[in-house]
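Student: My questions all concern the structure below.
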Amino acid sequence: MTVPDQIDAAVKHIETLKMNLEKNKKHLEELKMGPKKAQSLNQTNEPGPITKSPPQIEFHQMGPNMVVVLITSLNNIATFNNIIRLCHKEGVEVMSTSFKLNGNSTLQISHETKV
């Protein structure tokens with residue numbers, strides 16, 4: 001390989017390393033911001049609208065005094081805790097819970113049937 005060819009190869013290699021470094025820096029910044037803020041950035045790194053769907057809540061009657069609540073698209077534990085707090089405020093006993101970030105969260109609740 002001639003010296004000019006070696007120089008061209010070295011320049012291409014340095015440019016590739018530079019692009020990889022920039023991509024890794026951007027990825028590191030997204031990790032520092034967290035998933036919610038990182039998804040709201042557009043190509044120019046300006047804040048934009050978040051296009052996530054709101055949480056979906058389904059109630060499944062499991063017995064006369066038992067209901068299982070399935071919550072999908074829940075992306076933070078604060079909202080999950082607010083749902084539990086609302087249940088307690090309404091006098092509903094929360095028997096067990098399961099929270100999964102960006103997954104399916106569940107509440108198992110007990111209530112008195114009103115005759």
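Please treat every number below as a calculation from the coordinates, not as lab data. These numbers come from a predicted model, not from an experiment.
Student: What are the radius of gyration and Dmax of segment 56-110, computed over its Cα atoms and given in Å?
Tutor: Rg, Dmax (Cα atoms, Å): 10.7, 31.
Student: Contour minus end-to-end for Asn81 and Glu29, with contour as 0.36 nm per residue of separation and end-to-end as the Cα-Cα distance?
Tutor: On the way: separation 52, 0.36 × 52 = 18.72 nm, distance 2.82 nm.
Residue separation times 0.36 nm, minus the Cα-Cα distance, leaves 15.9 nm.
Student: Sticking with this structure for a sec: Give, in nm to one decimal, the length gained when the segment between Ile57 and Ser73 is fully stretched (0.36 nm per residue of separation minus the Cα-Cα distance). Don't skip to the answer; put the middle values down first.
Tutor: Values: separation 16, 0.36 × 16 = 5.76 nm, distance 0.92 nm.
Length gained between Ile57 and Ser73: 4.8 nm.
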